[in-house]
Amino acid sequence: MYYYRFNVADWALHTAHLSPEEEGVYLRLINYYYDTETPIPDDKIQWLCRRLRMGSKTKKVQAILEEFFKLKRGNWHHNRCDLEVAAYHEKSDQNRLNGKRGGRPKGSKRPKKKAKTQAKAKITQPVNSGFPKKTLTTNQEPVTTNQEPRTNNQEPVTNCREEEKEKEKEPKKTRSKPDQNPTETPVVDGPATDIRDFHQRPGQDTFVMTMDWAPSEQFGDRAVVCGIPETAFDPHVFGEFKSYWSSRPEARNTMDAWEHKLIVQLRRAATKIEGAEERLKNARTRQTDKITHDQNIVSAIVGGAETW
C-alpha cells in the first residue's frame, strides 16, 4: 500500500500518553505494516529494529507492540491496519476483475438525474376535479332525441365559407375621397368667441411689437421685484428689443408678456456688464501687482545687496 487514511483525532486520542520517541516508534511500525501488508513476525523483532533504524530502541518497540498490537500465531496484528489492508485487497481484486471484462459494468455508473422526466410526469398526472366519476354500464337506457323537427319559419343554416366566397365576388365599394380643396368653409358650432388665445389674459389684447411701443407705468415696480433696479434700464437694450421683435410680425403678446420679455432682456444685459466689469477689475489688479513687483526688483537692483 502506498496510501492509507490517517485520522488525526484518533491518533491524538490514543497516543496522548506517549513520549515523542514512543510516538515515533509507533508511527514507524504502522508504516512498515501498511508497506508490507503483512503482520509483524515476533521472531524478527531485532531485524525489524535494525531495518527501521531503531536498534537502540528494542525495549520501546516491544512495549509498543504489547500495547497496541495483538500476538496471534507468532505474528503481531493490528486491528485497524488489518481492516484497511483487507479493504484495499478487495478493491484491487474488483478492479482487476473489471479490467479483464473490459472495464466497469454499465450498471455501476451513477444514474443520471431525471428532473425533466419527473416534471413531465407531474404534468401528465390526472387532475382531481372534485366531481364523482360515472362508470358506464351496458344496462343504461339509450338516449332519445326529444328535439322538435325544424320548421320552415327557422332560418336555414348555411355554410360560413360559402357566404364569405359570395361576399368576395360582390364588387367592393370604393370610398369617395373628400375634396382636398373644398369651396365651402366648415361650419363651427358656437360663436367665434369660442376660439380662445391662451396667451391672452382677461382684459388684455395681444398686439404686434412696434418701434413706438412703451411699457406701462407699473413696469418699474415689476422690474424691481424681479431684481432689476431702475438704473439698470439701458435705452440701447430697449431699442434693440423693439427692433428685434418688430421685425417678427407673427409674434403677438399681451402687455404683460412683452414687459416680461423686456425684463429678461435687461437682466441678461446687466449680467454681461457685471461680468465684463469683474474681468476688467481682475485684469487691473494683475497689472498693478506686476508693476509693483517690477518696481521692487528695480529698487533691489539699485539699492544693492542691503535691500535683499
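The values are calculated or read from the model by the stated rules, or taken from the named source; none is laboratory data. The structure presented is a predicted model; accordingly, all values stated were derived computationally and were not measured. Please note: Cβ atoms are built from the backbone with ideal geometry, for glycine as well, and neighbour counts cover all protein chains shown.
Glu21 - would you say it is more than 59 Å from the chain's Cα centre (by Cα), farther than 15 Å from Cys81 by Cβ and not in a loop (DSSP other than H, G, I, E, B)? Show your work before the answer.
Numbers: more than 59 Å from the chain's Cα centre (by Cα): yes; farther than 15 Å from Cys81 by Cβ: yes; not in a loop (DSSP other than H, G, I, E, B): yes.
Yes, satisfied.
Check whether at least one residue in the stretch 76-95 is at pLDDT 55 or above, farther than 30 Å from Asn31 by Cα and either out of contact with any Pro (no Cβ under 9 Å at 6 or more places or on another chain) or not in a helix (DSSP H, G or I) (or both), and report yes or no.
First, the residues of the stretch 76-95 that are at pLDDT 55 or above: 76-95.
Then keep just the ones that are farther than 30 Å from Asn31 by Cα; that gives none.
Within the stretch 76-95, not a single residue is at pLDDT 55 or above, farther than 30 Å from Asn31 by Cα and either out of contact with any Pro (no Cβ under 9 Å at 6 or more places or on another chain) or not in a helix (DSSP H, G or I) (or both).
What number of residues within the stretch 197-231 are modelled with pLDDT under 80 and over 56 Å from the mean Cα position of the chain (by Cα)?
Keep residues of the stretch 197-231 that are modelled with pLDDT under 80, which gives 197-204, 227-231.
Okay, now just the ones that are also over 56 Å from the mean Cα position of the chain (by Cα), so 203-204, 230-231.
Qualifying residue count for the region: 4.
Of all residues in the stretch 54-75, which are within 21 Å of Asp10 (Cα to Cα) and not in a helix (DSSP H, G or I)?
Phe69, Lys70
Which of the residues that make up the stretch 253-274 are in contact (Cβ under 8 Å) with a residue 40 or more places away in the chain, farther than 15 Å from Lys242 by Cβ and in a helix (DSSP H, G or I)?
Within the stretch 253-274, the first condition is being in contact (Cβ under 8 Å) with a residue 40 or more places away in the chain, and the residues that meet it are 253-259, 262-263, 266-267, 270.
Of the ones still in play, those that are also farther than 15 Å from Lys242 by Cβ are 254, 256, 267, 270.
Selection gives Asp256, Arg267, Ala270.
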